[in-house]
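All of the numbers you see were taken from the coordinates with simple rules; none came from a lab. The model shown is predicted, which means the values in this text are computed figures rather than measured ones. Glycine also receives a Cβ, built like all others from the backbone with ideal geometry; neighbour counts cover every protein chain displayed.
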Amino acid sequence: MTTIAWNGSSKKILATELAGDRMVIATFDPAAKAQRQLWSGQETIYASGFAGLAPGDAGVSVSRDGKLAATIRQSITAPPEIALGPLGAMHDVTAANAHLRRLTGPARSLTWISEGQTVQGWLIFPPDAKPGARYPIVTYVHGGPAFAHYPLYPSGPFAFQASLAARGYIVFEPNPRGSYGQGEAFTRANVKDFGYGDLRDILVGLDAVGQTIPVDPKRVGIFGWSYGGYMTMWALTQTNRFKAAVSGAGLSDWLSYYGTNDIDTWMIPYFGASVYDDPSVYAKSSPINYVKAVKTPALMVAGDRDAEVPVTQSYEYWHALRDLGVPTQLVIYPGEGHLFYKPADQLDVARRITAWFDKWLR
């Protein structure tokens, strides 16, 4: 569930949720223990903040009598606009972003079965994509670990899928186990299993992509930020399928990370114990312990003020690749934290990412 609010006029709970590739508006009647779906669409809706991440946020804002609702809606191909109307029948009332230049082409939702579970992801195409043509493809792993690739319009400083698509890449956005959108059990399915089942889901997804569109196996890359940066580092230790990689704010060693980050309270629920009580569960998912298997050229980018994933994690991985003779680069941005806020740095990161993939996948 993404957001939840009390609709006093109807004495029901109003909720929005991500269900696979769609967002849903539904009401829950606590007395009758019944649910009713009012709307669903391949869109992202929110009334403030984003998708429930702001305190007190709701997916829709409802009038006192419950007859009128408002939201901000967007999709991968349609920029954000304000929508107004009855719940389930809201329509756009603004066109403030109609002038935006689209950097991507069409988007397609894709589902596949991995070890008995349904997994969903998105394919985002270049703006001038021709049917049947072979394009290089970059797998973009989301952060989190509990998060998802929402059906969002790719804009802003971290819309790397837009810069890649504009350069002629197909972007594959998988939502493997650990992601939102397939229920609580699915979101918890990577507990004590980081890098294993989630990577298998991604690789099976790539197989599904190859059954859907032409894919050149020599031009497949991987990229991610935060947990996605970790998954990028990890994937290179487990497979040579990816021919180029970029890790943003990545994580290479769970054991050293435990004692050097400032958000460690999330770790015990995922690993089951502290690193001091059970170091083996942390070691088995640490890319640095398998780094000698890496053959893929890898670029690391990180901020020197990052307290969530300290820059030393990227430095350690880069140092190993350098010593092992694997093509690699490390770019550290002064004054930046886990997310970059300086426009010049945001632009530089986007340019370096596309340049790295251009070098190794073209």
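What to note about this one:
- Cross-link partners of K11 among lysines (Cα-Cα below 29 Å; sequence separation of 8 or more within a chain): K33, K67
- Residues whose amide H lies under 5 Å from that of G85, counting only those 5 or more places away or on a different chain, are A69, H91; hydrogens are built 1.01 Å from N in the peptide plane.
- Cut-off under 5 Å, modelled amide H: who pairs with S114 long-range: V119
- Computed over the range 119-221, the Cα gyration tensor eigenvalues convert (square root of 5λ each) into semi-axes of 25, 16, 11 Å, ordered from largest to smallest.
- For the range 33-45, putting each phi into the Karplus relation 6.51 cos²θ - 1.76 cosθ + 1.60 with θ = phi - 60° gives couplings of 6, 10, 10, 9, 7, 9, 6, 8, x, 7, 9, 10, 10 Hz, in residue order, rounded to whole numbers and with x for Gly and Pro.
- Share antiparallel - DSSP beta bridges, the chain, percent rounded to 5: 65
- Scanning residues 5 or more positions from Y180 or on other chains, those with amide H under 5 Å from its amide H are F147, A148, with H placed 1.01 Å from N in the peptide plane.
- In degrees, nearest ten, helix 197-212 long axis to first principal axis of the chain (Cα): 80
- Taking θ as phi - 60° and the Karplus parameters 6.51, -1.76 and 1.60, the scalar couplings of the range 137-142 work out to 10, 10, 7, 10, 8, 6 Hz in sequence order, x denoting glycine and proline.
- About the Cα centre, charge dipole magnitude for the range 107-361 (Lys/Arg +1, Asp/Glu -1 at Cβ), debye: 1020
- Of the residues D345, D198, the one with the fewest other Cβ atoms within 10 Å heads the list, and the complete ranking is D345, D198.
- On Cα atoms only, tilt of 312-324 relative to the major axis of the chain in degrees: 40
- Residues in the range 286-293 carry Karplus couplings, in order, of 8, x, 4, 6, 10, 5, 5, 7 Hz; the curve used is 6.51 cos²θ - 1.76 cosθ + 1.60 with θ = phi - 60°, and Gly or Pro positions show x.
- Listed from fewest to most Cβ neighbours within 10 Å, the set I332, I213, I45 follows the order I332, I213, I45.
- Helix 227-238 axis, angle to the chain major axis (alpha carbon atoms, nearest 10°): 40
- Based on C-alpha pairs under 8 angstrom that are at least 6 apart in sequence, the chain has a relative contact order of 11 percent.
- Normalised by residue number, the volume inside the convex hull of the Cα atoms of the range 220-357 is 95 Å³ per residue.
- Flagged links, alpha-carbon separation over 24 Å, of K130/K342; K218/K284; K130/K295; K192/K218; K243/K292: K130/K342; K218/K284; K130/K295; K192/K218
- Neighbour counts of C-beta atoms inside 10 Å place E316, E115 in the sequence E115, E316, starting with the fewest.
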